[in-house]
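The values are calculated or read from the model by the stated rules, or taken from the named source; none is laboratory data. Bear in mind that the values here come from a model prediction, so they are computed numbers and not experimental data. Neighbour counts run over all protein chains shown; Cβ positions are idealised from the backbone, glycine included.
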Amino acid sequence: DDLAAILYTSGSTGAPKGVAIAHRAVQAFADWGRDTFGLDGGDRIASLAPLHFDLSLFDLFTGPAAGATTCFVPERLKLAPARLADWLAGQRITTWYTVPSLLGFLALKGGLAQRDLGALERVLFAGEVFPTARLMTLVEQLPHTRFYNLFGPTETNVCLYWPVQPGRLEAGRPIPVGVPACGAALRIDAASGELLVRGPCLMAGYWRDGAPRLPLDAEGWFATGDRVSRNERGEYLFHGRLDRMLKSAGYRIEPAEIEQVLSAMPGVGGAVVLGLDDPVSGTRLAAAVAGSSLRQAALRAWAAERLPAWMRPAYYVLLEELPVLPNGKTDHQRLRRFVEEELAACPSP
C-alpha cells in the first residue's frame, strides 16, 4: 500500500490535482497490460509520454513486467511526424501507447503508408476522444496493426478498453470505450449517467497536506465525472464530461457530440467546442477547428446538414493545429483564451 507515484491530472480544463497511486495499483495495471496485449521479451515499446502523465505507467512498468525493451522517443520528434515515423520504423517498434492527437497528426502528415512499419503490432491510445474519421485513416495506413481504445481518468487508470474492430468504424459515429479492464467493477448512476468505478487500479487518493485522501461514496465507488451509457452489445459509450455540459437557448448540449460531427469532415484535424457567455442566450457555441485548407462557409454547411439548429456553433475559429499540453492532450484553457481574443477582434459570426 506504499505510494509508488503522484501523478498530476492534465489541467486541460482546470487546476491539476495530485493523484497518489500505490504500488499494488501499479502492479495490477502492469500485470493486466502484459497479459491482455500478449507482451513478451521480444517486444519493443515506444515511450513518449511525459513521466508525470499516466500513460507513462504502461511504458515504465508494463513493459518491464513482460521483459520487453522500452525505447524513449527523442523529444525533438514529437512535432516532426515524418521523422517520428522514420524513428518508429528504424527502431522496429512493436507497441506504442499514446494520445489520439499525436496519432491523428501522424496519419495526416507522417507518410505512414510509405514506411516499413510491419513490426508495429499494436497501438494503444487514450486521454481524449479519437475522431472516428481520423482513426479510419490510420487503420487504412497501418492494416497489419491492432488498435486499442483505452479509457479511464488518472484516478482509476484504465477501467475500460475496446479492441478496435475496423468493420464497425463509421465516420461521424463515436467508437465505444469498451468493456471493463484491469479488474474494474463499473456502475452507471441512474440519475446523471455518471460512470462509477471500484477496482484494484483505483488511486490511493488526492495528495493533500502530506497524505492521500480518497473521495468515495458510502459503498466505495469513485465518481469519475464521465457520462456514459451501454449499447446493445454491452459495450460502454462515452458521452463527454459532466463538467463540460453546456446550456444554450434552453437546451442542454454535450460539446463532444458536436466535436465528433465536425471532426468527421474531410480536412479537419480536430475540433473543440466551447461555450461563450452571451447576454441574450446565456451561452453561444464557438468551434475551434484545425485545418489549413478549411473555409468557414464549408464548415457551416457541413454542420447544417448534420446538426439541429441549437447544436450548431455560432462562431468558427480556424487554426493550423490545436494547442496541446506537454502530455499531448488538447490545452482547453489556452484554446479558450485564443478563441476569445480572436472573436473580440472580429466578433461577427
Options T70, T62, T154: the member that is buried (at least 20 other Cβ atoms within 10 Å of the Cβ), in the same structural domain as G199 (by TED's automatic domain parsing) and not in a loop (DSSP other than H, G, I, E, B): T62
Test result for P100, surrounded by fewer than 19 Cβ atoms within 10 Å (Cβ to Cβ) and modelled with pLDDT under 95: no
Test: residue in the stretch 337-344 that is in a strand (DSSP E or B), surrounded by fewer than 20 Cβ atoms within 10 Å (Cβ to Cβ) and aromatic (F, W, Y): no
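Within the stretch 227-237, identify whether any single residue is modelled with pLDDT under 85 and basic (K, R), and answer yes or no.
no
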Positions within the stretch 175-194 being crowded, with 19+ Cβ neighbours inside 10 Å and either modelled with pLDDT under 95 or within 18 Å of the chain's Cα centre (by Cα) (or both), in sequence order: I175, P176, V177, G178, A181
V197 vs. criteria crowded, with 18+ Cβ neighbours inside 10 Å, under 21 Å from the mean Cα position of the chain (by Cα) and either in a loop (DSSP other than H, G, I, E, B) or outside the structural domain of E121 (by TED's automatic domain parsing) (or both): no
Selection within the stretch 33-78 - without any contact (Cβ under 8 Å) to a residue 12 or more places away in the chain and basic (K, R): R76
Number of the exception - P143 against (1) free of Cβ contacts under 8 Å to residues at least 60 places away in the same chain; (2) buried (at least 18 other Cβ atoms within 10 Å of the Cβ): (2)
Identity of the residue in the stretch 223-237, without any contact (Cβ under 8 Å) to a residue 60 or more places away in the chain and not in a strand (DSSP E or B), that ends up farthest from L160 (Cα to Cα): E232
Some residue of the stretch 238-248 being more than 15 Å from the chain's Cα centre (by Cα), part of a strand (DSSP E or B) and at pLDDT 90 or above: no
Whichever residue in the stretch 37-59 is touching a helix residue (DSSP H, G or I) at 6+ places or on another chain (Cβ under 8 Å) and closer than 23 Å to T9 by Cα and, among such residues, is surrounded by the fewest Cβ atoms within 10 Å (Cβ to Cβ): L51
Single match in L142, L135, L102, L108 (criterion: out of contact with any Pro (no Cβ under 9 Å at 6 or more places or on another chain) and not charged (D, E, K, R)): L142
